[in-house]
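Asks: Starting off with a structure, shown below.
The values are calculated or read from the model by the stated rules, or taken from the named source; none is laboratory data. Remember, it's a predicted structure, so these values are computed and weren't measured experimentally. Cβ placement follows ideal geometry from the backbone for every residue including glycine, while neighbour counts extend to all protein chains displayed.
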Amino acid sequence: MDKKIGFIGLGIMGRPMAKNLVKAGYSLKVYDLNKSAVADLAEAGAEEGASVSEVAKDCSLIITMLPNSPHVKAVVLGEGGILESASEGTLVVDMSSIAPDASKEMEKALSNKKLRMIDAPVSGGEPKAIDGSLAIMVGGNEEDFNEAKPLFDIMGASALLVGPIGSGNTCKLTNQIIVALNIAALSEGLLLAKKAGADVEKVFNAIKGGLAGSTVMNAKAPMILEGNFKPGFKIDLHIKDLANALDTGAAAGAPLPLTAGVQQMLQVLKADGEGQSDHSAIAKYYEKVSGT
Ligand code: NAD
């Protein structure tokens, strides 16, 4: 692929993802509201973009990696955005975790002007963004997926086309529900062990190889045992994802009672000043309500 790649959103995730593309030899034009992030990428070899519009005019494939639906909509549909500035045929690859309905809405508006979009959120966090081993879940048509696949292969260890536009984000919401509920289950179980007088570390070691063992348990139980809640994945971001899951569930007729319960726990923690803590701090909610 010899065309110039646009990259908008150079935060915790976008910055290392964009750097990996530059390292692999791609020519990138980048933009972020944060000028120091743009300068950092320029130092790594990317071309600085002065605005979304400048990137959109210059690039026929544009990756976005932004916080939530309103940010992506502003960049894609807003004044001076991609819809207004990009040429016919441009492919937008949104890798942010947003609401599936927002992906569908943007794709519809873009396709009316003969522009294309796929949604391609990721799982794996900053370490996997840095070493290029993210899991990428994609919604869109096969031709567009195949066009972006060489880039996915640099940023990720796997990229799977799940279904039509919005399916990538539906997949990501499914992932986020399962992770949040797993952390809550882990916290609840470990609290029982602690309150009932067991050695919690030994309990963890005894059960981790059994049916309850999981990637979430292996990653989060040590953090809970050490009381180390340095992110990782922040509570604020998980509140955003579960809010999108609850909205999507309400519209689709899928009851999500456990998701709603864990969302309440996260809201209590946020009100307690824990929004920037790792989501494993759900354990703190249990300690708080049990008076531990
Ligand atoms: P972040 O807040 O670190 O970065 C977002 C970047 O977007 C910031 O640099 C911000 O300045 C920029 N931005 C916001 N609005 C903009 C606009 N209108 N124009 C240009 N730039 C704008 O967020 P992040 O941690 O990199 O996450 C990005 C997405 O990836 C989110 O949807 C998040 O849920 C998802 N995600 C994050 C992780 C993680 O561990 N951090 C893991 C998987 C997925």
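Asks: Exactly one condition in (1) in a helix (DSSP H, G or I); (2) within 12 Å of the ligand (Cβ to nearest atom) is false for Lys19; which is it?
Replies: If we test Lys19 against (1) in a helix (DSSP H, G or I); (2) within 12 Å of the ligand (Cβ to nearest atom), just (2) comes out false.
Asks: For segment 187-211, what are the residues that are over 20 Å from Tyr285 (Cβ atoms) and surrounded by 13 or more Cβ atoms within 10 Å (Cβ to Cβ)?
Replies: Of everything in segment 187-211, those that are over 20 Å from Tyr285 (Cβ atoms) and surrounded by 13 or more Cβ atoms within 10 Å (Cβ to Cβ) turn out to be Ala198, Glu201, Ile207, Lys208.
Asks: Do you know which residues across segment 107-160 are more than 19 Å from the chain's Cα centre (by Cα) and either of a type in the set (S, T, N, Q) or within 16 Å of the ligand (Cβ to nearest atom) (or both)?
Replies: Within segment 107-160, Ser111, Asn112, Asn141, Asn146 meet the criteria.
Asks: Among residues belonging to segment 218-235 that are under 21 Å from the mean Cα position of the chain (by Cα) and more than 18 Å from Leu181 (Cβ to Cβ), point out the one that is farthest from the ligand (Cβ to nearest atom).
Replies: Phe229
Asks: Another question about this same structure. In this structure, does Lys114 turn out to be farther than 24 Å from Ile235 by Cα and assigned to a loop (DSSP other than H, G, I, E, B)? Even if it seems obvious, please write down each step before you answer.
Replies: Values: farther than 24 Å from Ile235 by Cα: yes; assigned to a loop (DSSP other than H, G, I, E, B): yes.
Judged against the criteria, Lys114 is a match.
Asks: Further question on the same structure: Taking Leu10 as meeting all but one of (1) in a loop (DSSP other than H, G, I, E, B); (2) away from the ligand (no atom under 12 Å from the Cβ); (3) within 19 Å of the chain's Cα centre (by Cα), write down the number of the exception.
Replies: (2) is the only condition that Leu10 fails.
Asks: Could you look through segment 99-140, keep only residues that are farther than 16 Å from Met155 by Cβ, out of contact with any Leu (no Cβ under 8 Å at 6 or more places or on another chain) and among the hydrophobic types (A, V, I, L, M, F, W, C), and pick out the one that is surrounded by the most Cβ atoms within 10 Å (Cβ to Cβ)?
Replies: Among them, the one singled out is Ala99.
Asks: Please list, ordered by first then second residue, the pairs with beta carbon atoms under 8 Å, 6 or more apart or interchain, first in segment 184-206 and in contact (Cβ under 8 Å) with a residue 12 or more places away in the chain, second outside any helix (DSSP H, G or I).
Replies: These pairs meet every condition: Gly189/Ala212; Leu191/Thr292; Lys194/Thr292; Lys195/Thr292.
Asks: Let me ask another. Report, by residue number, each residue of segment 66-86 that is assigned to a helix (DSSP H, G or I) and either within 15 Å of Asn244 (Cα to Cα) or more than 9 Å from the ligand (Cβ to nearest atom) (or both).
Replies: The answer is Ser69, Pro70, His71, Val72, Lys73, Val76, Leu77, Ile82, Leu83, Glu84, Ser85.
Asks: Being at pLDDT 95 or above, touching a strand residue (DSSP E or B) at 6+ places or on another chain (Cβ under 9 Å), crowded, with 17+ Cβ neighbours inside 10 Å and not β-branched (Val, Ile, Thr) is the requirement here; does Lys220 meet it?
Replies: Yes.
Asks: Could I ask something else about it? Using beta carbons and a limit of 7 Å, which pairs, at least six apart or on different chains, have the first residue in segment 151-180 and within 12 Å of Thr259 (Cα to Cα) and the second one part of a helix (DSSP H, G or I) and of a type in the set (Gly, Ala, Ser)?
Replies: Pairs that qualify, where the first residue is within 12 Å of Thr259 (Cα to Cα) and the partner is part of a helix (DSSP H, G or I) and of a type in the set (Gly, Ala, Ser), are Leu173/Ala245; Gln176/Ala245; Ile177/Ala245.
Asks: Let me ask something else about it. Yes or no: Lys104 away from the ligand (no atom under 12 Å from the Cβ), out of contact with any helix residue (DSSP H, G or I) (no Cβ under 8 Å at 6 or more places or on another chain), among the charged types (D, E, K, R) and not in a strand (DSSP E or B)?
Replies: Answer is yes for this residue.
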